[in-house]
Structures are given as structure tokens and as C-alpha cells.
Amino acid sequence: MKIDLHAHSNVSDGTETPADVMASAARAGLDVIALTDHDSTDGWAEASPAALEEGVALVPGMEVSCRTDQGISVHLLSYLHDPAHPGLLEEITKSKDARLTRAERMVTLLAEDYPLTWDDVIHHVAPGATLGRPHIADALVAAGVVSDRSEAFRSILTSRSRYFVQHYAPDPAAAVELVRAAGGVPVFAHPVASSRGRIVGERTYREMIDAGLVGLEINHRDNPEEGREFLRRLAAEHGLLITGSSDYHGTGKPNLLGENLTAPAVLDRIEALGTGTVVVRP
Ligand code: AMP
Ligand code: ZN
Ligand code: FE
Ligand code: FE
């Protein structure tokens, strides 16, 4: 059983449509794929029939952008939540709207130094998609400023860059609580991914665990080995599930479907805990 619980489509910042992500998952030999677009579940409707057609099981999911009171970015995966839960929907809508204003601000700053317009960015965003820095990166690639998204994230678009602007995002413990309230299963995505920016300390883990955190995405390419040992101890101490996933973004990132996998027994636990919707099985 090959289970990959983290992938993006062009409903956020992946480069493939939700249906194409299902086809890619089948081609990669996966049995189970989770679609986890940033702050949106809009891809589920297209992905569900495509998964059936392609013969892969789909775990409907989402990746919720969060930020601590210290300004540290946290990504929270949610599986099998009710997409219509008002509290959760309100928070992701706020984030999605704030991402638009934030991208406009970043483009204004970037336009002082680079040949970039708002139209150039919008050109790379599917209608209604959750806007992110990868879309700005695409416009910078098209303008010949950088060669690919990765180069953009190494230089101009890092969270340490002078062009970086934050956007509204809920507190991680509050998001865990909302995901649980919506019948979802919250898993802390790439918790020690220090290359992306500052990482959280023990207090945030404690608050998220107290709020009902279920798992840690330990097996992800952005978690350095040192940090994984700490996470394994934390998982053992608090009975948290351990997941592994690719964080596939189509051609937008080198991450390949199936490069990290989740154990079948872990998926069974997620399925038993998730009450907001069901796994789509062929
Ligand atoms: P944002 O949500 O707008 O802050 O942008 C963060 C997104 O950019 C995340 O979804 C990451 O997957 C993506 N990202 C981060 N680093 C890279 C990279 N090196 N190449 C491509 N995408 C990246
Ligand atoms: Zn992304
Ligand atoms: Fe993430
Ligand atoms: Fe992701």
C-alpha cells in the first residue's frame, strides 16, 4: 500500500488541475493520495470522480496557514473535515482574502526593482485559487528574473527578504480546535522545516497537543534529521500519529509523488477519527 497524504493542485499553488493530480498519483503507483490545497477545499469536487476513474483512493484534505503570536508560520494539515463547517470556513476565507492584499503589497515592493506587474502574477493563478508566493515566482520566471520557483524562494521571495509581507492567519492551536470541531484530523505539516523560516518551540507544540493535535508529518523532505529525532520522541510521549508525504506541487517543486509514505495503520486511525467527510474509494 502506497499512501501519500500531502499534495497541491492549481486550486492553490500546484501546477496541475485536481483531476491531473489524481492521474499523476495513479501513474506514480500510489494507492491513496490526499489533496491538501492551501486554505481551500475547492478541488475536492473535481478530484473525487477523477480518483474513481484513475483507481486511486482520495483523502479529502486541506493545508491551513497559521501563524503564532511570535510571527512564526505553521502549516496544519486537515483530513476529512466538513468543508461547510462555518467556523473553519470563516478562518480560511479570511486567510485567502488576506493573501490577495498581501500579494498586491509584495508586487508593489517588487515592482520598484523588477519588471513585474499585478497582471503578470494573475496570469499564473487559476480562477478562484488561493494566491501564494509561488504565483509571484512564476511571474518572475516569465520575466526572466529567476530560472524557477526554487531560485525565487532562495533569493527574492524568502521570508527573510525585504519584499516579504505577512498575511492574516489563525493561531495554530485555534486552528487545531476548529479542525476537530469540523470533524477533521489535524496533523502538523513539516514541523521542523527550518529552511522556510523560524520554527516553533515547545510551548506551541504543547498548545496544539492540548487543543487536539493528532499527528506530526515527520517524513517530509524539509524536516532535517536532527529535528526528526525530537519529533519522534514527542510523538511517542503524546501518542501522536506519524505521517510521511511528498508535498507535491506538480512542476512547481522538485518533490515527487510517493517520495515519502504513510503507514496503512496510520491511515486507518485517521479514517476512524475523521467524521466530516469520507475517503473516496474506487
Ligand atoms: P505562501 O503560502 O504564499 O507564503 O508561500 C509558501 C508556499 O510556497 C508553500 O506552499 C510552499 O510549498 C511553496 N514553496 C516554498 N519553498 C518553495 C520552493 N523552494 N520552491 C517552490 N515552492 C516553494
Ligand atoms: Zn504550496
Ligand atoms: Fe506547507
Ligand atoms: Fe504543502
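The values are calculated or read from the model by the stated rules, or taken from the named source; none is laboratory data. In this text, all values refer to a predicted model and were calculated from it rather than measured experimentally. Positions of Cβ are generated from backbone atoms using ideal geometry, with glycine treated the same way; all protein chains shown enter the neighbour counts. Surface areas here come from the heavy atoms of the whole protein model, side chains and all, with no ligands, DNA or RNA. Shrake-Rupley method; radii C 1.70, N 1.55, O 1.52, S 1.80 Å.
Checking the a/c ratio against 1.5 first, then a/b against b/c, what shape does the Cα gyration tensor give for region 69-161? Since a/c reaches 1.5 and a/b is larger than b/c, the shape of region 69-161 is classed as prolate.
Within the listed set ASP268, ASP97, ASP120, the residue fluctuating most in the Gaussian network model of the chain (springs between alpha-carbon atoms under 10 angstrom) is ASP268. Rolled with a 1.4 Å probe across the full set of protein chains, the surface gives TYR168 an accessible area near 80 Å². Efficiency by 1/(1 + (r/R0)^6): what FRET value for LEU100 and ALA236, r their Cβ-Cβ distance, R0 = 41 Å, to the nearest 0.05? The pair LEU100/ALA236 has a calculated efficiency of 0.50.
In the full protein context, the chain carries 41 Å² of accessible surface per residue, based on a 1.4 Å probe and ignoring ligands, DNA and RNA. Potential lengthening of the chain between ILE72 and TYR168 amounts to 33.4 nm, from the contour at 0.36 nm per residue minus the alpha-carbon distance.
The accessible-area ordering, largest first, of the residues HIS238, HIS220 stands as HIS238, HIS220, per a 1.4 angstrom probe.
When TRP118, TRP44 are compared by accessible area at a 1.4 angstrom probe, the order from most to least is TRP118, TRP44. Indicate the gyration tensor shape class of region 8-154 (rounded, prolate or oblate), computed on the Cα atoms with a ≥ b ≥ c the square roots of the eigenvalues: a/c under 1.5 is rounded; otherwise a/b larger than b/c is prolate and the rest oblate. It is oblate, given that a/c is not under 1.5 and a/b is not larger than b/c. Against the main long axis of the alpha-carbon atoms of the chain, helix 86-111 sits at an angle near 30°. What is the log10 of I(q)/I(0) for the chain, computed with the Debye formula using one identical point scatterer on each Cα and no solvent, at q = 0.09, 0.10, 0.12 Å⁻¹? One equal scatterer on each Cα of the chain leads to -0.38, -0.48, -0.70. Pairs of C-alpha atoms in region 84-243 farther apart than 28 Å represent 34 percent of all such pairs.
Could you tally the net charge around SER195, taking each other residue with its Cβ under 12 Å from the Cβ of SER195, Lys/Arg +1 and Asp/Glu -1?
Numbers: positive: ARG154, ARG160, ARG196, ARG198, ARG221; negative: ASP222.
After counting each charged neighbour, the total is +4.
Rolling a 1.4 angstrom probe over the chain with all protein chains present gives an accessible area of which 51% lies on carbon and sulfur atoms.
Against the chain, whose longest principal axis is taken from its Cα atoms, helix 133-142 shows a tilt of about 40°.
Here the gap between THR93 and TYR114, fully extended at 0.36 nm per residue and compared with their Cα-Cα distance, gives a gain of 4.5 nm.
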